[in-house]
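The values are calculated or read from the model by the stated rules, or taken from the named source; none is laboratory data. Predicted model, so just to flag it, every value in this text is computed and none were measured. Please note: Cβ atoms are built from the backbone with ideal geometry, for glycine as well, and neighbour counts cover all protein chains shown. When the accessible area is computed, the model is the full protein with side chains, heavy atoms only, and any ligands, DNA or RNA have been set aside. Shrake-Rupley method; radii C 1.70, N 1.55, O 1.52, S 1.80 Å.
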Amino acid sequence: MGTEIRARRLLRGWSIRFAASRAGVSHATWSRIERGLQTADNRFMLAAIAAALECTPAELVRPAVPASDRVTAAARAGVLGLRTALVDIDLTEPPGRPASPIAELRRSADLVGALYRTCDYAGAAHLLPDLLRHLHTETAGPHHRDALRLLCEATHTASSVLRSLGHPSDAWLGAQQCRDAADAAGDPILQGHAAYVLASAAIACGSHQRGQTLAERAVDALSPHLARPGGLEALGSLHLVAALASRFRQRPDDSRDWLTAASALARRTGETDTMGLFFGPTNVNIWWMSIEVDDGDPIRVVEIARRTDPAVIPVGVRQVFYYADTARALARIGGRDREAIRFLLTAERVAPQHVRTCPETTAAIRLLLERSRRQSGGTELRALYERVTS
């Protein structure tokens, strides 16, 4: 990563001091990262460096060569087909193909959702293009309301898959299609859901102010509809994404205020799986851990982890963050590397495709590997590092 950062800086003809000033970090920190003496495993710092160099965090930490892991390679190979399908399903244009029966489309949407929840990005990316095109056709048919709702769900999944695979601009395209489907349905709860998807994609693109604005506007728009099914869950999810945007904008107090408000809403809703958001006390804790681990108190992250049972949410797409972020916190505390390695290996077992495509996790593994040398756990850690970087 340091080599990549240095190459991109030199390509622009910038000094370390100038590049560091653009990122808002000290020139000494930037220099240490370039020389491999410090690992940028803080995603907020990594995002700032990437923004300064006008690229994405994934471009700084992922190898440019194709993955040798066939499943991960298949997931990345599915990006083009998914991108093309998202471009094709313009709701202002008439559909150009017959659709499958709506009952079959529901089953396909359920299968795609199940694949995504287990972080099977390759499987979801393989099935999504046909599903999206068939749903697009059905929006002009007799079951158009059901089709629009399913299309909102499927484009949410598409956006999330693309974001997880390191394609934020494509994730934004999927989120825009999600918003268009929600607007066509005229359902304020779906519109709140779509705003959450759009704000998440904006943040992934590095547009943190845009993500914040989208979330805050949607919170206001949703307020009159909270008594409707799904209203509180959509509102709580918007609070979570607003908290993330605030932290990226270096406003930690605002971020904690949003998280506190989300916690209060979660106590009202209890654990839910509405619209695939899984809003509830457990997910709020996982979000809190994910935000705090990068720019807060790692001891607090471990304390939250102790009182959180990830099994309450029986899906890998949320559990993997619990295990990976606990590992990252333990690595930051120091002296607890063996525990951190165990959590990383559990995260890989729960969701291997996610761990092998996540830049923050890769950075944490690299940090632990540099410290491990020949210590206990080094062999397992080296094997894990080879799997995520091959």
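For Thr362, the conditions (1) within 27 Å of Cys55 (Cα to Cα); (2) modelled with pLDDT of 90 or more; (3) in contact with a Lys or Arg (Cβ under 9 Å, 6 or more places away or on another chain) all hold with the exception of (2). Kindly indicate whether Leu105 is in a helix (DSSP H, G or I), farther than 15 Å from Ala75 by Cα and open to solvent by less than 20 Å² (accessible area, probe 1.4 Å). Here the answer is yes, as Leu105 does meet what is asked.
Out of Ala75, Ala85, one residue alone is farther than 30 Å from Ala383 by Cβ, at pLDDT 75 or above and crowded, with 21+ Cβ neighbours inside 10 Å. It is Ala85. All of (1) farther than 19 Å from Gln209 by Cα; (2) open to solvent by less than 40 Å² (accessible area, probe 1.4 Å) hold for Pro281 with one exception: (2). I want to confirm something. Restricting to region 5-42 and keeping residues that are within 27 Å of the chain's Cα centre (by Cα), touching a residue at least 24 places away in the same chain (Cβ under 8 Å) and within 20 Å of Arg371 (Cα to Cα), which single residue is surrounded by the fewest Cβ atoms within 10 Å (Cβ to Cβ)? Among residues in region 5-42 that are within 27 Å of the chain's Cα centre (by Cα), touching a residue at least 24 places away in the same chain (Cβ under 8 Å) and within 20 Å of Arg371 (Cα to Cα), the one surrounded by the fewest Cβ atoms within 10 Å (Cβ to Cβ) is Gly36. Thr272 meets each of the listed conditions (1) open to solvent by 30 Å² or more (accessible area, probe 1.4 Å); (2) under 20 Å from Gly192 (Cβ atoms) apart from (1). For Gln319, are the conditions met, namely being polar (S, T, N, Q) and either surrounded by fewer than 20 Cβ atoms within 10 Å (Cβ to Cβ) or more than 25 Å from Ala261 (Cα to Cα) (or both)? The answer is no for Gln319.
Please verify whether region 265-275 includes one or more residues that are in contact with a Leu (Cβ under 9 Å, 6 or more places away or on another chain) and in contact (Cβ under 8 Å) with a residue 60 or more places away in the chain. Checked against the condition, which is being in contact with a Leu (Cβ under 9 Å, 6 or more places away or on another chain) and in contact (Cβ under 8 Å) with a residue 60 or more places away in the chain, region 265-275 yields at least one hit.
Considering only residues in region 224-249 that are outside any helix (DSSP H, G or I) and in contact (Cβ under 8 Å) with a residue 24 or more places away in the chain, the one that is surrounded by the fewest Cβ atoms within 10 Å (Cβ to Cβ) turns out to be Pro229.
If you go through region 367-390 and keep only what is among the charged types (D, E, K, R) and either modelled with pLDDT of 70 or more or within 20 Å of Ala40 (Cα to Cα) (or both), you end up with Glu370, Arg371, Arg373, Glu380, Arg382, Glu386, Arg387. Looking across region 88-99 at every residue that is of a type outside the set (D, E, K, R), more than 25 Å from the chain's Cα centre (by Cα) and at pLDDT 85 or above, the one that is surrounded by the fewest Cβ atoms within 10 Å (Cβ to Cβ) is identified as Thr92. Among the residues of this structure, Pro252 counts as one that is within 21 Å of the chain's Cα centre (by Cα) and surrounded by fewer than 18 Cβ atoms within 10 Å (Cβ to Cβ). Each residue in region 147-169 was checked for being among the acidic types (Asp, Glu) and modelled with pLDDT under 95, and 0 of them qualify.
Cβ-Cβ contacts under 6 Å between residues 6 or more apart (or on different chains), taken from a first residue in region 145-164 that is more than 10 Å from Leu190 (Cβ to Cβ) to a second residue that is acidic (Asp, Glu), are listed as Ala147/Glu138; Leu162/Asp170. Scanning region 14-57 for residues being part of a helix (DSSP H, G or I), farther than 24 Å from Arg163 by Cβ and of a type in the set (Gly, Ala, Ser) gives a total of 5.
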